[in-house]
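**Student:** Take this structure, written in structure tokens, and hold onto it; I'll ask about it next.
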Amino acid sequence: MTTKREKSNIPQEKLDFYRNLVETNPKVELKGATVPYTSHNGHMFSYLEKDGSLGLRLPEKVRDEFIKKYKTTLFVSYGIVKKEFVLVPEKLCKNIKELKPYFDISFEYVKSLKAK
């Protein structure tokens, strides 16, 4: 018996942006069929929620600076506050050049964590 693969309900524009962002780092692979995400050594460090919102995992100091600079909040997923993730503001989800350094910092941060 074959199973039908679920299709993502995320807006195509958001999916395309996220794919393009992930492709800026050849060491990172896009995973997930319905909820796209990136991870390293068992630690997720970015993902797109079904509504198209983007969460990015950052170390504390950078996270605090990001929240202040972009007037955003911690990321909330299914009603749960993700303490190490920030909500990437909509305006930044249109600017790969400005977001890429944070994406790279996120990847470097999870590389420093003990593998799961």
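The values are calculated or read from the model by the stated rules, or taken from the named source; none is laboratory data. Keep in mind that this is a model prediction, so the values were computed, not measured. Note that we place each Cβ from the backbone using ideal geometry, even for glycine, and neighbour counts take in every protein chain shown. Surface accessibility is based on the protein's heavy atoms, side chains included, excluding ligands, DNA and RNA. Shrake-Rupley method; radii C 1.70, N 1.55, O 1.52, S 1.80 Å.
**Student:** Dipole magnitude of the chain about its Cα centre, charges +1 at Lys/Arg Cβ and -1 at Asp/Glu Cβ only, in debye to the nearest 20?
**Tutor:** For the chain, the charge dipole is close to 160 debye.
**Student:** Something else: Accessible area per residue of the chain at 1.4 Å probe, in Å²?
**Tutor:** Value for the chain: 64 Å² per residue.
**Student:** Among all the lysines, which ones have a C-alpha under 28 Å from Lys69's C-alpha, if same-chain residues fewer than 8 places away are not counted?
**Tutor:** Reachable lysines: Lys14, Lys27, Lys50, Lys61, Lys82, Lys83, Lys91, Lys94, Lys97, Lys100, Lys111.
**Student:** If I take every Cα pair under 8 Å that is 6 or more residues apart in the chain, average their sequence separation and divide by the length, what percent do I get for the relative contact order?
**Tutor:** Value for the chain: 25 percent.
**Student:** Hey, can you rank 68-79, 96-107 by average C-beta count inside 10 Å, highest first?
**Tutor:** 96-107, 68-79
**Student:** How far is the Cα center of region 100-116 from the Cα center of region 1-72, in Å?
**Tutor:** Here the two parts' Cα centres lie 13 Å apart.
**Student:** Given only helices, namely DSSP H runs of n ≥ 4 each adding -39500 (n - 2.57), what is the per-residue ellipticity at 222 nm of the chain, to the nearest 500 deg cm²/dmol?
**Tutor:** Result for the chain: -10500 deg cm²/dmol, rounded to the nearest 500.
**Student:** Which residues in region 22-61 place their backbone N less than 20 Å from a point set 7 Å from the Cα of Glu90 along the Cα-to-Cβ direction?
**Tutor:** Hits in region 22-61 for Glu90 at 20 Å: 47-56.
**Student:** Please state the equivalent ellipsoid semi-axes for the chain: what are the square roots of 5 times the Cα gyration tensor eigenvalues, largest first, in whole Å?
**Tutor:** 22, 17, 14
**Student:** Once R0 is set to 30 Å, what does the formula 1/(1 + (r/R0)^6) return for the Cβ-Cβ distance between Thr72 and Lys111, expressed as a FRET efficiency to the nearest 0.05?
**Tutor:** My answer for the efficiency is 0.80.
**Student:** Pop a pseudo-label 7 angstrom from the Cα along the beta-carbon direction at both Asn20 and Glu98 and give the gap in nm to one decimal.
**Tutor:** 1.5 nm
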